[in-house]
Structure formats: structure tokens, C-alpha cells
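K.L.:
Supplied in C-alpha cells, the structure appears directly below.
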Amino acid sequence: MIAPRPRATTHWHWAEALQRRHPGIQVEADRIYIADGPVWTSAGMTAELDLALALVEKDLAGVARLSPRQFSRVFTAETGQSPAKAIEGLRLEAARTGPPLLRTRGGYSLSPSALATPAA
């Protein structure tokens, strides 16, 4: 039996270079993040937040003695939103209320209208 190649992702701009430098890895440029056993990779800055959410969700699920899927169901039932939606709301709130210097100097890539819109 042939062992499967490890899977990884990265920002689309670097995917081809990663594949050339590491032909033993199966690079999937269209993924936000990949959890391949103990190795987790993400496709960029925003994707890192999604990866972190997945890690936290997995850890919280373990602490609660639930599978990540069951944790997501319980979280949604208790809060009215999925863990991903909750994090999205927190991200928007942080961008909306974050340090003005970062908002005006390009630290955030949100338009002024997005910054003025309350997280739903």
C-alpha cells in the first residue's frame, strides 16, 4: 500500500512555488486551511483566523467531551449562531472598534462602509 502524500495549503500566490520546492506534498491552493494529522496549514492572514477557530473549536470540543461537529451543534443551539459566525462577528467588531491608526493606515482591508456597519 502506498502511503498518502501529506496535504498542505498556502496563499494562492505561493502555491505553485511550494509545490515545486516540496514535490512530496500535495498542495491544495483552493483550501482555506487543511488539518492533515498533526500538521495544520492555512492559506493566509484571514485563513489563519479560520484555522485558529478550528483549533479552538477542536480543543473546546475535547474539553466538553464532544466531537467538533457536536460542539458546533451545541454552540449554535445555545448562542443562536455557529462558532464561525460568532468569530466573524467578533472580527467585524474588532475591525470596527480597533485602533484608528490601523483602520486608517491600511492595517485592515475593510471599506469605511463595512467598518460603520454593526456586526449582525
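The values are calculated or read from the model by the stated rules, or taken from the named source; none is laboratory data. Because the structure is a prediction, the values reported are computed rather than measured. For neighbour counting, all protein chains shown are included, and Cβ atoms are generated from backbone atoms with ideal geometry for every residue, glycine included.
K.L.:
Taking residue 48, is it surrounded by fewer than 16 Cβ atoms within 10 Å (Cβ to Cβ), assigned to a helix (DSSP H, G or I) and over 19 Å from the mean Cα position of the chain (by Cα)?
P.N.:
Details: surrounded by fewer than 16 Cβ atoms within 10 Å (Cβ to Cβ): yes; assigned to a helix (DSSP H, G or I): yes; over 19 Å from the mean Cα position of the chain (by Cα): no.
Judged against the criteria, residue 48 is not a match.
K.L.:
Okay, moving on. Somewhere in the stretch 45-58, is a residue more than 20 Å from residue 86 (Cβ to Cβ) and not aliphatic (A, V, I, L, M)? Can you show your working first?
P.N.:
Within the stretch 45-58, the subset more than 20 Å from residue 86 (Cβ to Cβ) is none.
Checked the stretch 45-58: no residue is more than 20 Å from residue 86 (Cβ to Cβ) and not aliphatic (A, V, I, L, M).
Matching residues to (1) part of a helix (DSSP H, G or I); (2) within 18 Å of residue 8 (Cβ to Cβ); (3) modelled with pLDDT of 90 or more; (4) not assigned by the TED database to the domain that holds residue 15:
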{"site": "52", "(1), (2), (3), (4)": "yes, yes, no, yes"}
{"site": "57", "(1), (2), (3), (4)": "yes, no, no, yes"}
{"site": "60", "(1), (2), (3), (4)": "yes, no, no, yes"}
{"site": "73", "(1), (2), (3), (4)": "yes, no, yes, yes"}
{"site": "81", "(1), (2), (3), (4)": "no, no, yes, yes"}
{"site": "109", "(1), (2), (3), (4)": "no, no, no, yes"}
{"site": "115", "(1), (2), (3), (4)": "yes, no, no, yes"}
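K.L.:
Restricting the search to the stretch 23-42, which residues are in a loop (DSSP other than H, G, I, E, B) and loosely packed, with under 15 Cβ neighbours inside 10 Å? Walk me through it before giving the result.
P.N.:
Here is the first cut: in the stretch 23-42, the residues in a loop (DSSP other than H, G, I, E, B) are 23-25, 28-32, 37-38.
23, 24, 30, 37, 38 - these are the residues of the stretch 23-42 that are in a loop (DSSP other than H, G, I, E, B) and loosely packed, with under 15 Cβ neighbours inside 10 Å.
K.L.:
Would you pick out the residues in the stretch 51-75 that are surrounded by 15 or more Cβ atoms within 10 Å (Cβ to Cβ) and of a type in the set (Ser, Thr, Tyr)?
P.N.:
72
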